[in-house]
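Notes for the one structure printed next.
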């Protein structure tokens, strides 16, 4: 009885939340449509200060009071002004490379503030996706290279397909021992529902002007001619991909690596796909005495809809967890 009561209450609560959020989303859309949306805030963090604070906390915990005072005195005495800057950017990719909106502003900030001797480190995590969007992301990185600013790409987990297209723009590519590197190939996969539609008595019509306006389709009947043309298009894109990498990394035997395969750190190093096996944390620690390390991050401003989505997701999760817990408590087979 109690479980049924809780279930009914939970459903009522979810319906109420849905109605309220829908109203607020409509209001938010009306408000935002009447004003220009801010692109977001640039957040600047000094990594040297963070590392120094970390070191100080550890020393304070493990040293005696007198030794800690000596450490502080020596640190103050040896303190020097570092002119050169290492700008740290982060890119966590998805299929549509949607973080490019932040990346382009971050790169503009670097170019506007760059001085001779400065460098850029991009911590890249990207398993690839759409061709045109990852091509644009790679072109954004070329803005740094075209300004003769040294660019280092560090891959801790994965830079595959479009992700590797971005990585190869760097003057140096660093990767952790088990980072996935490569996958220089092109993929297209399309489900086809034509037989299912025919079995249900549903006709599908598609009208085009131009022989190849549409080749392989999800709902129409695909022909060998359609498939042949799609394969030709994929080969063309693959050739563009190969040429791009060949131009950016001349030490790579492109025909050997452009098979769609991927490799881990050591093997990727042997194939010249990367230049060194090292994690981003190791690289930053090794650079802290030579550079003033600055992290630049563009954080889009959260809209009312973003906040409401997060709120509703949290409430829904709590309600579902409550149901699961109640069912678990009453499950005799646990």
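All of the numbers you see were taken from the coordinates with simple rules; none came from a lab. In this text the structure is predicted, and so the values were computed from the model without any measurement.
Computed over the alpha-carbon pairs of region 43-121, the distance histogram in 5 Å steps reads 3, 11, 16, 16, 13, 12, 11, 8, 6, 3, 1, 0 percent, short to long. Dividing the mean sequence gap of close Cα pairs (under 8 Å, 6+ apart) by how many residues region 91-247 holds gives a relative contact order of 18 percent.
Between residue 116 and residue 239, full extension at 0.36 nm per residue minus the direct alpha carbon distance yields a gain of 40.7 nm. Once you reduce region 67-110 and region 144-202 to the center of their Cα atoms, the two points are 26 Å from each other.
As a length-normalised measure over Cα pairs under 8 Å and 6 or more apart, the relative contact order of region 60-174 settles at 26 percent.
Scaled against 2.2 N^0.38 Å for its residue count N, the alpha carbon radius of gyration of region 184-260 is 1.52. Normalised by the number of residues in region 184-260, the mean separation of alpha-carbon contacts (under 8 Å, six or more apart) gives a relative contact order of 41 percent.
Given just the C-alpha atoms of region 63-195, how large is their convex hull per residue in cubic angstrom? Walk me through the numbers before you get to the answer.
Working: hull volume 23.4 nm³, N = 133.
With only Cα atoms used, region 63-195 gives 176 Å³ per residue.
Measuring how big region 187-226 is from its alpha-carbon positions, Rg and Dmax come out at 11.0, 32 Å.
Starting from the Cα-Cα distance between residue 221 and residue 94, subtract it from 0.36 nm times their residue separation and give me the gain in nm to one decimal.
Numbers: separation 127, 0.36 × 127 = 45.72 nm, distance 3.12 nm.
That pair, residue 221 and residue 94, stretches by 42.6 nm at full extension.
Using every Cα-Cα pair within region 123-213, state what percent have a distance larger than 23 Å. Intermediate values should be presented prior to the final figure.
Working: 1865 of 4095 pairs.
Pairs farther apart than 23 Å: 46 percent.
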